[in-house]
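Just below is one structure, and these are the notes that go with it.
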Amino acid sequence: MEQLLRSIEAPALPLQEENRRPEPSAEERDAIVAACLAEIVADEGESFRPAAVLFQDFGVRCRMRGLNDSGLDLAGFRTRLSLARAGLYAGIGEGDPMADAACEAEALPEDARGVFLLIARAALERAPCPSDTEIARVYGTHSTGRAKRLLSFLESQGAIVIRVDLRGGRAIALPALGWTTAVSDKAAAEG
């Protein structure tokens, strides 16, 4: 019993340098962060959980890959999660045309930024307008009704302009950037 008490009272020995795992380089850290974000977004059930819960999961995934500090706090994680949901897992680098879109997204509420960036990416790539289902997924919901309400909100804020052609196809323009998505057909727009 006395030996057990002495071992409890004794200070813990620090890890010896040779037993510590080396901290990844900045490039390796960025790759680990991008991979963990891609896994979270790809996991169908994960993307609909609250950001705080996903942040904890993200931290565990990073530590499992040997990264003790991702360099992100909760606010930074939310921003990167929005980018990842829009398909920008590695973030936005300098000189990237999406940097202008990210600046425009900063003026929007945090939960709308991912959808704005999804639309911006589609417009930049001249891809068809994302479907309501895809917009809902990026928004973090299963409800296409909520996705449509978000689009209406973004339009009322002047961030986007929605155009529906005679066939029911939808295109979305981003006036501040001068970009427009290609027209989707009606069935694709509805998901």
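The values are calculated or read from the model by the stated rules, or taken from the named source; none is laboratory data. This is a predicted model, so every value here is computed, not measured. In this analysis, Cβ positions are derived from the backbone assuming ideal geometry, glycine residues included, and neighbour counts consider all displayed protein chains.
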- Between a first residue in region 103-124 that is assigned by TED's automatic domain parsing to the domain that holds Phe153 and a second residue that is of a type in the set (Val, Ile, Thr) and at pLDDT 90 or above, which pairs have beta carbons less than 6 Å apart while being 6 or more apart in sequence or on different chains? Val115/Ile135; Ile119/Ile172; Ala122/Thr181; Ala123/Thr180; Ala123/Thr181
- Going by the conditions given, is Ala176 of a type in the set (Gly, Ala, Ser), in a loop (DSSP other than H, G, I, E, B), under 28 Å from Pro50 (Cβ atoms) and outside the structural domain of Ser82 (by TED's automatic domain parsing)? no
- Message: Go through (1) aliphatic (A, V, I, L, M); (2) in contact with a helix residue (DSSP H, G or I) (Cβ under 6 Å, 6 or more places away or on another chain); (3) within 28 Å of Cys36 (Cα to Cα); (4) outside the structural domain of Ala34 (by TED's automatic domain parsing) for Ala86 and report which single condition fails.
- Response: (4)
- Item | Single residue of Arg78, Arg63 found to be basic (Lys, Arg) and either at pLDDT 90 or above or in contact with a His (Cβ under 6 Å, 6 or more places away or on another chain) (or both) | Arg63
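For region 1-46, name all the residues that are hydrophobic (A, V, I, L, M, F, W, C) and either surrounded by 10 or more Cβ atoms within 10 Å (Cβ to Cβ) or at pLDDT 75 or above (or both). Steps first, answer last, please.
We begin by selecting, within region 1-46, every residue hydrophobic (A, V, I, L, M, F, W, C); these are 1, 4-5, 8, 10, 12-13, 15, 26, 31-38, 40-42.
The answer is Ala26, Ala31, Ile32, Val33, Ala34, Ala35, Cys36, Leu37, Ala38, Ile40, Val41, Ala42.
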- Spot the failing condition for Leu150; the list is (1) buried (at least 17 other Cβ atoms within 10 Å of the Cβ); (2) within 16 Å of the chain's Cα centre (by Cα); (3) closer than 17 Å to Phe48 by Cβ, and only one is missed. (2)
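Please go through region 124-151 and give me each residue that is at negative phi and among the charged types (D, E, K, R), ordered by number. Even if it seems obvious, please write down each step before you answer.
As a first pass, look at region 124-151 and keep what is at negative phi: 124-125, 127-139, 141-151.
Across region 124-151, the qualifying residues are Glu125, Asp132, Glu134, Arg137, Arg146, Lys148, Arg149.
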- Note on the structure: Pairing a residue in region 47-73 that is surrounded by fewer than 18 Cβ atoms within 10 Å (Cβ to Cβ) with any residue that is assigned to a helix (DSSP H, G or I) and not charged (D, E, K, R), where Cβ atoms lie under 6 Å and the two sit 6 or more apart in sequence or on different chains, gives Arg65/Ile32
- Note on the structure: Considering residues that are acidic (Asp, Glu) and either touching a His at 6+ places or on another chain (Cβ under 6 Å) or surrounded by 16 or more Cβ atoms within 10 Å (Cβ to Cβ) (or both), the number found within region 81-104 is 2
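For region 82-102, name all the residues that are in contact (Cβ under 8 Å) with a residue 24 or more places away in the chain and of a type in the set (Asp, Glu). Talk me through it step by step, then tell me what you get.
First, pick out the residues of region 82-102 that are in contact (Cβ under 8 Å) with a residue 24 or more places away in the chain: 82-91, 97-98, 100-101.
Scanning region 82-102 gives a single hit, Asp100.
Out of the helices (runs of 4 or more DSSP H) lying entirely within region 43-124, which hold 2 or more residues that are within 23 Å of Ala182 (Cβ to Cβ) and touching a strand residue (DSSP E or B) at 6+ places or on another chain (Cβ under 8 Å)?
98-105, 110-124
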